[in-house]
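Heads up, the thing below is written out as structure tokens.
The values are calculated or read from the model by the stated rules, or taken from the named source; none is laboratory data. Fair warning: this is a prediction, and the values are worked out from it, not measured in the lab. Cβ placement follows ideal geometry from the backbone for every residue including glycine, while neighbour counts extend to all protein chains displayed. Just the protein is used for accessible areas: all its heavy atoms, side chains included, with ligands, DNA and RNA removed. Shrake-Rupley method; radii C 1.70, N 1.55, O 1.52, S 1.80 Å.
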Amino acid sequence: MSRFWGALTGRTTPKKANLDSLFMVPSAAITLQTAAGFTPTGRGSVCFRAPDGAAYQQVQDEVVTLLREDADKPDVQVQRDDFGFTWLVVDRVDDDVEGLCTDLHAVNTALEEQGYATGLLCSLVPFVDASGRKVGLVYLYKQGTFYGFAPTGPKTRDNLLEIQVRDTLAGELPMEQDLQRWLALWGAPGL
């Protein structure tokens, strides 16, 4: 009955995020490198709308501490963008995509478990080719899907490259088919 009522009122139940999809990124990174020449930068981030308050700040501090205590000791930073979103940025000097995705999974899971799932927007893993072109592999938390974002300037993007990334990785990752959900992440760390 509730599904029927949701259809009548135009409300739908959001798709539950499958954070384990992040563990498919290392394999997709190999495909992206062999098919298009893009290599991971060693940086990744989680974007979310951080609520105000001491309770949230404590959770954020605990997540940062957890990552910094990792045996591999990634560099972890917290940044705010011009749109009011917070980016928790993880840098791994050895371009360890598996370790990076484990870190991003841990951040998402910790925020989700503490009740902040509604504020999670996306996770981002940037790649670069030999000519310096950049493309970010973006995981949309609320959709459970990926898309490519390839900025070429302050407010311009390479749509053709983004579609190429979608087509290249379609067999490996759940790629977002609705182009309207391919958010422009202007000023995202690593891009």
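In region 137-145 there is at least one residue matching the filter, namely being of a type in the set (A, V, I, L, M), at pLDDT 95 or above and closer than 22 Å to Asp82 by Cβ. The residue list Gly153, Gly171, Gly148 contains one member that is open to solvent by less than 40 Å² (accessible area, probe 1.4 Å), outside any helix (DSSP H, G or I) and under 22 Å from Leu22 (Cβ atoms), which is Gly148.
State whether the residues of region 165-177 include one that is within 18 Å of Arg80 (Cα to Cα) and of a type in the set (Ser, Thr, Tyr). No: zero hits.
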